[in-house]
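Q: Please read through the structure below; I'll follow up with questions.
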Amino acid sequence: MMRERISPTMAWRATVGLALAVVLAGAVYSYWLGPDLRYYDEQDYYMLATHLAQDGMFSKDGVHPTAYRPPGWPAMLALAKGLGLDVVGIRVLNFLMLALAMVLLFRIVARLANHEAALLAVMLVIAYPVLFYTAGTLYPQIFSGLLLLCCIWVMLFVRPGTLMGFGYGLSFAAFVLVLPIMLLLSPVMLIWLWWRRHWRMPVLLALIGGMVLGVGAWSLRNTLVLGHFVPISTNSGVNLLIGNSEHAQVGLGVRTDISVYKAHAPKDEVAQNRYFTQQAMHYMLAHPAKTIRHYFAKFLNYFNYHNKLATGGEATKAKEMLMLLTYGLLLLGLLARMLMARRQKLAHEEWLLLALYVASGLAYALFFTRIRFRLPFDFLLIMLAALGWHACIQRWRERSKERGA
C-alpha cells in the first residue's frame, strides 16, 4: 500500500474542523427555521415528548396512554426538553449528533483502512446534504445513524466479557426502541459476532438476554397500560397495510389509499393494529405472485433518489437532481469498490457493512420504503463509498508513478 499523502494528525484536525463547521452551520440553519414543525411525524414526536416530560406519560393528549410510536426517540426529545431545550435547541442537538457521527465514522474507517480514506468518508457526509437537511428536522434518523455507528464500532473492535455483553444487549434494546427495524437485522449481527468475531457463547447469550430484557420491559408496560401484549408499537399494522394492499404502489408510501380499511377499523389502537395486520396478511395470501413482485419493487425503491412526499411543497426538481447526484456519488463509490475487489478483496468488515445495508432494504420492503428510512444506513454506504473512491485514488497514483518511472 502506498504511503498516505495526508498525515493522521492533519486528517484528524480536518475532521474536527468539518464537524465543528457542521454544528455552527446547523445552529444558524436551526435559528433560521425557527420553532415551526413542518411535518406531521415531527409534530407527533414532539407532542409525545412534551407529555412525557410534563406528565410522565407516553401519551398524545396527556390523558390516554399510547404505544403508537416507538418510545426511544420521544424519550430522547423529552430528555432534551427536560434540559430546557426548545425546538430550535433540539435541532442544534441533532446537528451535534451529526457531528459526532462524522467523528465516529472517521475513527471506524481509519481503523479499517487509513486516515486518508477516513477523511474522505467525512467529506462524503458533507457532500451528501440530505443528512444536513434531516438534522434540521425532529426526525430520529440522525440519532439512529449515530447509534448504528456505535453498534458497528462494538461489532468490529470490541470483545467484551459476559457482563459487558449484557450491557451491550440492553443498549441495543434501547436502539431497537428508537429504530424497530433493527430487531429484524439482529440475526445478521449476531451471526457475524459468532462467525467472524468469535464471541463466546456465554457472551452472546448475555447479549441476547439484555436485548430481550430491554424490549420486554417496554412490552410489559404496554401490556399493563393498554391491556394487550404489544412488543414495541401499534403502528406496524398500518405500515404493513400501506405496503401490502390493493392500492399500494412503489414510492407512494403514506399516500396509499387505505380509507376503506380505516372506515371499518376499530377505534382502539391495539385492535386497529391487529385489524390492519390481518387485512394486509389476507391480501398477501390472496395475491402471492403480485405480493412477491411488489416486494422486490419496493426493495429496489429503497435505493431511489426521490419519493412522493405526503407533505406538499418540499420536493422540487432541483432537490431531486441534487439527491440524484449526491446519492449517485455514493453508489459509484460502492461500484468502484466492488470492481476493485479482483485486485483487493473485500475485507470481512466490508462484507458486514454491505450485508447490513442490503438487509435493511429487504427488511423495510416488507412494509414500504422511502429515502428517510434509509438514511441511518447510508452511513454504511458512505464508508464503503469512501473505501471505493480511495482505492481509485490509490490506483491512479500507482499508474502515475509507473508512467513517471
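The values are calculated or read from the model by the stated rules, or taken from the named source; none is laboratory data. Not measured: the values here are computed from a predicted model. No Cβ is skipped: glycine too gets one built from the backbone with ideal geometry, and neighbour counts run over all protein chains shown.
Q: Within the stretch 209-263, count every residue that is touching a residue at least 24 places away in the same chain (Cβ under 8 Å) and of a type in the set (Ser, Thr, Tyr).
A: So the count comes out to 5.
Q: List pairs: first in the stretch 85-110 and farther than 16 Å from Asp36 by Cβ, second of a type in the set (Phe, Trp, Tyr), Cβ under 7 Å, 6+ apart or cross-chain?
A: That search, which allows pairs on different chains as well, returns Met97/Phe143; Ala101/Phe379; Leu104/Trp153; Leu105/Phe379; Ile108/Trp153.
Q: Another one. Here is a list of conditions, (1) part of a helix (DSSP H, G or I); (2) closer than 26 Å to Phe368 by Cβ; (3) over 21 Å from the mean Cα position of the chain (by Cα), and Ala248 meets all of them except one; can you say which number that is?
A: Every listed condition holds for Ala248 apart from (1).
Q: In this structure, is Trp396 assigned to a helix (DSSP H, G or I) and either at pLDDT below 95 or on the phi > 0 side of the Ramachandran plot (or both)? Talk me through it step by step, then tell me what you get.
A: On the way: assigned to a helix (DSSP H, G or I): yes; either at pLDDT below 95 or on the phi > 0 side of the Ramachandran plot (or both): yes.
It is true that Trp396 is assigned to a helix (DSSP H, G or I) and either at pLDDT below 95 or on the phi > 0 side of the Ramachandran plot (or both).
Q: Also, quick follow-up: State yes or no: is Asp86 more than 28 Å from Gly216 (Cα to Cα), among the acidic types (Asp, Glu) and either more than 22 Å from the chain's Cα centre (by Cα) or surrounded by fewer than 20 Cβ atoms within 10 Å (Cβ to Cβ) (or both)? Give the derivation first.
A: On the way: more than 28 Å from Gly216 (Cα to Cα): yes; among the acidic types (Asp, Glu): yes; either more than 22 Å from the chain's Cα centre (by Cα) or surrounded by fewer than 20 Cβ atoms within 10 Å (Cβ to Cβ) (or both): yes.
Criteria met by Asp86.
Q: Being in a helix (DSSP H, G or I), touching a Leu at 6+ places or on another chain (Cβ under 7 Å) and of a type in the set (Lys, Arg) is true for just one of Arg107, Arg91. Which residue is that?
A: On the way: Arg107 fails: touching a Leu at 6+ places or on another chain (Cβ under 7 Å).
Answer to the check: Arg91.
Q: So which of Ala297, Ala280, Ala263 ends up being modelled with pLDDT of 95 or more, surrounded by 17 or more Cβ atoms within 10 Å (Cβ to Cβ) and in a helix (DSSP H, G or I)?
A: Working: Ala297 fails: surrounded by 17 or more Cβ atoms within 10 Å (Cβ to Cβ); Ala263 fails: surrounded by 17 or more Cβ atoms within 10 Å (Cβ to Cβ).
Residue meeting the stated conditions: Ala280.
Q: Further question: Are there helices (runs of 4 or more DSSP H) fully within the stretch 115-163 with at least 2 residues that are closer than 16 Å to Gly72 by Cα? List them. Full working, then the answer.
A: Details: elements: 115-126, 129-135, 141-157.
Counting at least 2 such residues, we get 141-157.
Q: Does Ala19 count as small (Gly, Ala, Ser) and either under 30 Å from Lys401 (Cα atoms) or outside any helix (DSSP H, G or I) (or both)?
A: Details: small (Gly, Ala, Ser): yes; either under 30 Å from Lys401 (Cα atoms) or outside any helix (DSSP H, G or I) (or both): no.
Here the answer is no, as Ala19 does not meet what is asked.
Q: Determine whether Arg107 is at pLDDT below 95 and farther than 30 Å from Leu224 by Cα.
A: On the way: at pLDDT below 95: no; farther than 30 Å from Leu224 by Cα: yes.
Taking the combined requirement at face value, the residue does not satisfy it.
Q: Determine which single condition Gly243 fails, assuming it passes every other condition in (1) within 16 Å of Pro71 (Cα to Cα); (2) of a type outside the set (Lys, Arg); (3) at pLDDT 95 or above.
A: (1)
To keep it simple, each residue is scored yes or no on (1) acidic (Asp, Glu); (2) free of Cβ contacts under 8 Å to residues at least 40 places away in the same chain; (3) closer than 23 Å to Arg197 by Cβ; (4) in a helix (DSSP H, G or I).
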| residue | (1), (2), (3), (4) |
| --- | --- |
| Leu325 | no, yes, no, yes |
| Gly328 | no, yes, no, yes |
| Leu332 | no, no, no, yes |
| Ala336 | no, no, no, yes |
| Ala341 | no, yes, yes, yes |
| Leu356 | no, no, yes, yes |
| Phe368 | no, no, no, no |
| Leu375 | no, no, no, yes |
| Met383 | no, no, yes, yes |
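Q: Please go through the stretch 177-203 and pick out each residue that is among the aromatic types (Phe, Trp, Tyr) and assigned to a helix (DSSP H, G or I). Reasoning before the result, please.
A: Restricting attention to the stretch 177-203, the residues satisfying the condition of being among the aromatic types (Phe, Trp, Tyr) are 192, 194-195, 199.
Trp192, Trp194, Trp195, listed by residue number.
Q: I want to confirm something. Restricting to the stretch 266-277 and keeping residues that are of a type outside the set (Asp, Glu) and not in a helix (DSSP H, G or I), which single residue is surrounded by the most Cβ atoms within 10 Å (Cβ to Cβ)? Lay out the reasoning, then the answer.
A: Initial filter on the stretch 266-277 (of a type outside the set (Asp, Glu)): 266-267, 270-277.
Narrowing the set further to residues that are not in a helix (DSSP H, G or I) leaves 266-267.
Working: Pro266: 12, Lys267: 6.
Checked the stretch 266-277; the qualifying residue surrounded by the most Cβ atoms within 10 Å (Cβ to Cβ) is Pro266.
Q: Taking the condition assigned to a helix (DSSP H, G or I), closer than 29 Å to Leu240 by Cα and in contact with a helix residue (DSSP H, G or I) (Cβ under 7 Å, 6 or more places away or on another chain), does Ala206 pass?
A: Details: assigned to a helix (DSSP H, G or I): yes; closer than 29 Å to Leu240 by Cα: no; in contact with a helix residue (DSSP H, G or I) (Cβ under 7 Å, 6 or more places away or on another chain): yes.
Here the answer is no, as Ala206 does not meet what is asked.
Q: Hey, could you check the stretch 191-207 for residues that are surrounded by fewer than 16 Cβ atoms within 10 Å (Cβ to Cβ), modelled with pLDDT of 95 or more and within 24 Å of the chain's Cα centre (by Cα) and say which is farthest from Gly161 (Cα to Cα)?
A: By that ranking, first place goes to Ile191.
Q: Within the stretch 344-354, track down each residue that is surrounded by fewer than 16 Cβ atoms within 10 Å (Cβ to Cβ) and touching a residue at least 24 places away in the same chain (Cβ under 8 Å).
A: Answer for the stretch 344-354, where residues must be surrounded by fewer than 16 Cβ atoms within 10 Å (Cβ to Cβ) and touching a residue at least 24 places away in the same chain (Cβ under 8 Å): Gln344, Ala347, His348.
Results for (1) of a type in the set (S, T, N, Q); (2) at pLDDT below 95; (3) crowded, with 18+ Cβ neighbours inside 10 Å, shown as yes or no for each residue.
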| site | (1), (2), (3) |
| --- | --- |
| Pro140 | no, no, yes |
| Phe143 | no, no, yes |
| Leu149 | no, no, yes |
| Trp153 | no, no, no |
| Phe157 | no, no, no |
| Pro160 | no, yes, no |
| Leu163 | no, no, no |
| Tyr168 | no, no, yes |
| Leu179 | no, no, yes |
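Q: Another question about this same structure. Looking for whichever is modelled with pLDDT of 95 or more and either of a type in the set (Gly, Ala, Ser) or on the phi > 0 side of the Ramachandran plot (or both) here; the options are Ala310, Ala286. Which one fits?
A: Details: Ala310 fails: modelled with pLDDT of 95 or more.
So the residue among Ala310, Ala286 that is modelled with pLDDT of 95 or more and either of a type in the set (Gly, Ala, Ser) or on the phi > 0 side of the Ramachandran plot (or both) is Ala286.
Q: Which of the residues that make up the stretch 363-381 are of a type in the set (A, V, I, L, M) and under 8 Å from the mean Cα position of the chain (by Cα)? Write out each step before concluding.
A: Quick first cut of the stretch 363-381, residues of a type in the set (A, V, I, L, M) only: 363, 365-366, 371, 375, 380-381.
Passing the criteria: only Leu375.
Q: So which residues in the stretch 34-51 are surrounded by 15 or more Cβ atoms within 10 Å (Cβ to Cβ) and not hydroxyl-bearing (Ser, Thr, Tyr), if there are any at all?
A: Quick first cut of the stretch 34-51, residues surrounded by 15 or more Cβ atoms within 10 Å (Cβ to Cβ) only: 37, 39, 41-42, 44-51.
Hits for the stretch 34-51 are Leu37, Asp41, Glu42, Asp44, Met47, Leu48, Ala49, His51.
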